[in-house]
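These notes concern the structure reproduced below.
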Amino acid sequence: SSHMIAYHKILSENAFGNYRKLLKDITVNPAMGDYLDTVRSTKNNPNENYPREILQLFSVGLFKLNLDGTVIRDGQGNPIPTYTQEDINNFSKIFTGWNYCNQGCPNSAVGLVNYKDPLIIVPANHDTTEKTLLSYPGAPNSTIQACTDCNTEQTRIYAEQSLNNALDNIYNHPNVA
């Protein structure tokens, strides 16, 4: 139950705050990381669960919207998707290598999963290839360049910047209220 306490605390602390901060806090929450498989997502086996949920349920939704919330339709009257499978594939790379902080964190203890401290990056498991994110008018960070020949510390910085860039890309999408 301790993991749900930390999860609920994030929701309570951010209920009336900035939605971008909530996106970051919930993304690196260990309960969310466990529930939607972020902690099991590696560069060799990226998982789509969290990227799909953050886009579909937490932010932009399935279809592009007008400013009044009505669905934008193509010439045949069909709703226009907000993202594609390729977008999911690229976002899944962003969320690789994030795992529990089981050493060196205030709440870590030998043999126990740390559900209280935010997830940390494990550089060896993070995908450092180029990523293409959502493209829309004024989109920030629609491309994240590859990190070539990165050492461990450079990969750690790259992963953190990539995560922040991806969350900015999502947060600034016109569908996000």
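The values are calculated or read from the model by the stated rules, or taken from the named source; none is laboratory data. Here the structure is a predicted model, which is why all the values come from computation and not from measurement. No Cβ is skipped: glycine too gets one built from the backbone with ideal geometry, and neighbour counts run over all protein chains shown. When the accessible area is computed, the model is the full protein with side chains, heavy atoms only, and any ligands, DNA or RNA have been set aside. Shrake-Rupley method; radii C 1.70, N 1.55, O 1.52, S 1.80 Å.
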Exercise. Hey, among Val60, Val39, which residue is open to solvent by less than 50 Å² (accessible area, probe 1.4 Å), within 23 Å of Asn172 (Cβ to Cβ) and either part of a helix (DSSP H, G or I) or touching a residue at least 60 places away in the same chain (Cβ under 8 Å) (or both)?
Worked result: Val60
Exercise. Within region 9-19, is there a residue that is crowded, with 18+ Cβ neighbours inside 10 Å and not basic (Lys, Arg)?
Worked result: yes
Exercise. Is it the case that Asp87 is in a helix (DSSP H, G or I) and either touching a residue at least 24 places away in the same chain (Cβ under 8 Å) or open to solvent by 50 Å² or more (accessible area, probe 1.4 Å) (or both)?
Worked result: yes
Exercise. Can you find a residue in region 66-80 that is in contact (Cβ under 8 Å) with a residue 40 or more places away in the chain and either open to solvent by less than 20 Å² (accessible area, probe 1.4 Å) or not in a loop (DSSP other than H, G, I, E, B) (or both)?
Worked result: no
